[in-house]
1. Within the stretch 199-217, work out how many residues are within 16 Å of ligand 2 (Cβ to nearest atom) and either in contact with a helix residue (DSSP H, G or I) (Cβ under 6 Å, 6 or more places away or on another chain) or aromatic (Phe, Trp, Tyr) (or both).
2. Would you be able to tell me the number of residues in the stretch 102-125 that are surrounded by 14 or more Cβ atoms within 10 Å (Cβ to Cβ), in contact with an Asp or Glu (Cβ under 7 Å, 6 or more places away or on another chain) and closer than 10 Å to residue 194 by Cα?
3. Give 306, 253 a once-over and let me know the one that is surrounded by 11 or more Cβ atoms within 10 Å (Cβ to Cβ) and in contact with a His (Cβ under 9 Å, 6 or more places away or on another chain).
4. Just to check your reading of the model, which residue among 24, 48 is touching a residue at least 12 places away in the same chain (Cβ under 8 Å), surrounded by fewer than 20 Cβ atoms within 10 Å (Cβ to Cβ), closer than 21 Å to residue 160 by Cβ and hydroxyl-bearing (Ser, Thr, Tyr)?
5. If only one of 173, 159, 196, 189 is at pLDDT 90 or above, under 27 Å from residue 3 (Cα atoms), among the hydrophobic types (A, V, I, L, M, F, W, C) and within 16 Å of ligand 2 (Cβ to nearest atom), which one is it?
6. Quick one: is residue 230 within 16 Å of ligand 1 (Cβ to nearest atom) and within 22 Å of the chain's Cα centre (by Cα)?
7. Condition test on residue 128, is it surrounded by fewer than 18 Cβ atoms within 10 Å (Cβ to Cβ), in contact with a strand residue (DSSP E or B) (Cβ under 7 Å, 6 or more places away or on another chain) and not hydroxyl-bearing (Ser, Thr, Tyr)?
8. Pick out the one residue from 94, 80 that is in contact with a Phe, Trp or Tyr (Cβ under 8 Å, 6 or more places away or on another chain) and within 16 Å of ligand 2 (Cβ to nearest atom).
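The values are calculated or read from the model by the stated rules, or taken from the named source; none is laboratory data. In this text the structure is predicted, and so the values were computed from the model without any measurement. Cβ placement follows ideal geometry from the backbone for every residue including glycine, while neighbour counts extend to all protein chains displayed.
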Amino acid sequence: MKKTITYIFPVYNEEGNIRLLYETLCSSVEKIRNKYDLEFIFINDGSTDRSLSILRELSNKDKRVKVINFARNFGHQVAVTAGMDYSKGNAVIVMDSDLQDPPSVSLELISMWEKGYDIVYAQRRTRQDTVFKKFTANIYYRILSKLSDIDIPRNIGDFRLMDRRVVDALNQFREHDRYLRGLVSYVGFSNTSVLFDRDSRHSGRSNYPLKKMFKLASDGIVGFSNAPLRLILRVGYFISLLSLVGIIYALVEKIFFPKHVVSGWTFTVIAVLLIGGIQLVLLGVIGNYIGRIYAESQNRPLYIIESITNSDS
Ligand code: UDP
Ligand code: MG
């Protein structure tokens, strides 16, 4: 039986790109169309332009094109998730719809997959982005890999191929504030990457304004690390230590240099410092429990099995 390959395209106001994307895609997959069954899933993420009608038109002409139309804009990460939920392929490829990810590269991803890799990342050799975006991305990935125990490969966007096993594993993660890049690293499996040159957006402008970028960035950190929570306890200990010094100082002043001290000062200083330190430490303790509640409420699968040898079932 032929294997199926699914392509997933999240679409948000891409009327100027869809047709060209479709044509480029079709000519790219020309070489493999006899070898595999193909499925192109477009998720219309609440576009306000003509994207949906263009997509419907394509799906009428080409049965390989499937369109999932969201009732409103749910965001890129959720759109990709819906695509994965509905995908049937033995391998699933996720791409941008603005031709920043060249469809021809997907063939290289597929050939690496055929060599046995479960995840094949398309890694940017060069990127046509602003200096600001490159710089912030670089710092961000450094911080993220320090804070969390997952290791997200650098210079990697959402352009990647995943084997069915990986997609099935990812589909078990139903958390709301999704950071897919993190989840893909989190589930594990064998991976490799293929280098490519990332083009600039064909038409329209980026739908990732600074605000959405910040949200994604914080989802990455908050979703994969409780370092911010643990920070409270550390700050608490630090402040307590400082307070102790302050308290000793206040007592020394009071006992040895009583003339320096206004009446009531010693008591006030000690009370403020003591309470401040204690409060932060206690907050940190609460933070630890909240961290656990958070982990439980994310409801992630405990483990992902790659294979079982000699099992009966
Ligand atoms: N996108 C989406 N929903 C959104 C924002 C973006 O489905 O709310 C899609 C968009 O159509 C594109 C992909 O996600 O296919 C990446 O978005 P964009 O190109 O704007 O991001 P950038 O490449 O600038 O990071
Ligand atoms: Mg883009």
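1. 1
2. Within the stretch 102-125, residues that are surrounded by 14 or more Cβ atoms within 10 Å (Cβ to Cβ), in contact with an Asp or Glu (Cβ under 7 Å, 6 or more places away or on another chain) and closer than 10 Å to residue 194 by Cα number 1.
3. 253
4. The unique qualifying residue is 24.
5. Only one candidate qualifies: 159.
6. The answer is no for residue 230.
7. Spelling it out, residue 128 is indeed surrounded by fewer than 18 Cβ atoms within 10 Å (Cβ to Cβ), in contact with a strand residue (DSSP E or B) (Cβ under 7 Å, 6 or more places away or on another chain) and not hydroxyl-bearing (Ser, Thr, Tyr).
8. After ruling out the rest, the residue left standing is 94.
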